[in-house]
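Structure record follows, encoded as structure tokens.
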Amino acid sequence: MLEPEALQGAFLAASGETQALMNHLGLAARSAPTAKLVFESDLRASLRRALQFGRQEMVSVETSLSKDGLLADPTDVVVAGKTKKAQLAVELQWHPRSEDQAGFANQDIGDMVKMALAKSRDVVEQATVVVAAPTRFWRWLPGYAAEHVALDLLGANSEAPSSAKSSVLAGPSWDFLFEGNSDKELPERLWSQLLDRAEIRSPWAEVELRLFEVKGLGPSIRPR
């Protein structure tokens, strides 16, 4: 497993590179589709470079953690291990700057479910999710999460981890997680903790990045 300082340092370094790009490409930052396309891929590349620095093990992007199921979908950044088990897996979500806040939050939880599954199946030593969203999203989240239990995972902080039963994923809002793949069983509980945060500010956009550690706890169950 990577030392916490190494992971946090790479996260902050990648945030700094993305800030520099946003300062340079101000017009792109105004456009929702272009901003997501440019800055999400830049953050992914910057994080890969930062994690690769001084490390012999390969750091790759868009790498599958398994041959089937949810883990077959490419994971944004993966740090290889000395064995088949990866040291670290990172999923990234960059807010598209639309008003579909609930849809974006569900995609974030989808990434957390995937990383919790990777951790519980012991294919990674450490599983994380980076969520990049404007201030208005983080202000909106607590009120919405109060009535949608799974979204508490996005409200976790460094002192108070959050968890939710995976059975809350049984509703139709989560069909996208299970359609077209063979994964029907998840760990009994999903757990997250905030590791670090960083702000990106420019005249065109303000984005807060949050880095979460994710785990799956308990035996496997079928949430539906």
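Scanning for something surrounded by fewer than 21 Cβ atoms within 10 Å (Cβ to Cβ) and farther than 18 Å from Ala132 by Cα, does region 23-43 turn up at least one residue?
There is at least one residue in region 23-43 that is surrounded by fewer than 21 Cβ atoms within 10 Å (Cβ to Cβ) and farther than 18 Å from Ala132 by Cα.
Any residue at all in region 129-137 that's modelled with pLDDT under 95, assigned to a loop (DSSP other than H, G, I, E, B), closer than 17 Å to Ser15 by Cβ and in contact with a strand residue (DSSP E or B) (Cβ under 9 Å, 6 or more places away or on another chain)?
No: region 129-137 contains no residue that is modelled with pLDDT under 95, assigned to a loop (DSSP other than H, G, I, E, B), closer than 17 Å to Ser15 by Cβ and in contact with a strand residue (DSSP E or B) (Cβ under 9 Å, 6 or more places away or on another chain).
Out of the residues in region 164-184 that are surrounded by 15 or more Cβ atoms within 10 Å (Cβ to Cβ) and not in a helix (DSSP H, G or I), state the one that is nearest to the chain's Cα centre (by Cα).
Ala164
All but one of (1) free of Cβ contacts under 8 Å to residues at least 12 places away in the same chain; (2) over 14 Å from Ile200 (Cβ atoms); (3) among the hydrophobic types (A, V, I, L, M, F, W, C) hold for Ala20; which doesn't?
All conditions are met except number (2).
Here's the yes/no breakdown for (1) of a type in the set (A, V, I, L, M); (2) within 15 Å of the chain's Cα centre (by Cα); (3) within 26 Å of Arg30 (Cβ to Cβ):
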| site | (1), (2), (3) |
| --- | --- |
| Leu71 | yes, yes, no |
| Pro74 | no, yes, no |
| Lys84 | no, no, no |
| Leu88 | yes, yes, no |
| His95 | no, yes, yes |
| Asp100 | no, no, yes |
| Ile109 | yes, yes, no |
| Leu117 | yes, yes, no |
| Arg121 | no, no, no |
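Please state which one of Ser220, Ser192 is polar (S, T, N, Q) and buried (at least 19 other Cβ atoms within 10 Å of the Cβ).
Exactly one residue qualifies, and that residue is Ser192.
The values are calculated or read from the model by the stated rules, or taken from the named source; none is laboratory data. What you see is a predicted model; the values in this text were computed from it and never measured. Cβ atoms come from the backbone with ideal geometry, glycine included; neighbour counts cover every protein chain shown.
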